[in-house]
Amino acid sequence: QVQLVESGGGLVQPGGSVRLSCAASGSILSINVMGWFRQAPGKQREWVASITSGGYQNYADSVKGRFTISRDNGKNTVYLQMNSLKPEDTAVYYCNVLPVRRGYWGQGTQVTVSS
């Protein structure tokens, strides 16, 4: 079983940028689709972006044009570059495979967008 550890979150001002990392304990080379999700206070967890092993990316409408997902199979890591951040992007961010496996959820990393 792969273990996923998210990092890179923090407090950022509106309009700012942050890059999240998702490090896998094992190889992700054989994992076709990796994704980022987020959960804001009082809301359900939602899908944010995903990337296939071939590099095809897909984004939720709310982040399209502002976020970029990428993966480095050699480092077993998936990234989420977040630009032009808005207060409504405040959430705990998680990564997982797709289709989601419940046992793969990590602790997530908190991103707070506030002045």
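For this structure, a couple of remarks:
- An ellipsoid equivalent to the chain, defined through the eigenvalues of its Cα gyration tensor, has semi-axes of 22, 14, 13 Å when rounded to whole angstrom and sorted largest first.
- Phi angles of the range 78-90 translate, via the Karplus equation with coefficients 6.51, -1.76, 1.60 and θ = phi - 60°, into HN-Hα couplings of 10, 10, 9, 8, 10, 10, 6, 5, 10, x, 6, 7, 4 Hz per residue; Gly and Pro are given as x.
- Residues of the chain: accessible area per residue with a 1.4 Å probe, Å²: 53
- Percent accessible area from carbon and sulfur atoms, the range 28-87, protein chains only, probe 1.4 Å: 47
- Shape call, the range 53-107: gyration tensor on alpha carbons, a/c limit 1.5: oblate
- Amide H contacts under 5 Å for VAL48, placed H, 5+ residues apart: TRP36, PHE37, ARG38
- Mean separation of Cα contacts under 8 Å, 6 or more apart, over the residue count of the chain: relative contact order %: 37
The values are calculated or read from the model by the stated rules, or taken from the named source; none is laboratory data. All values reported here derive from a predicted model rather than from experimental measurement. With ligands, DNA and RNA removed, areas are computed over all heavy atoms of the protein, side chains included. Shrake-Rupley method; radii C 1.70, N 1.55, O 1.52, S 1.80 Å.
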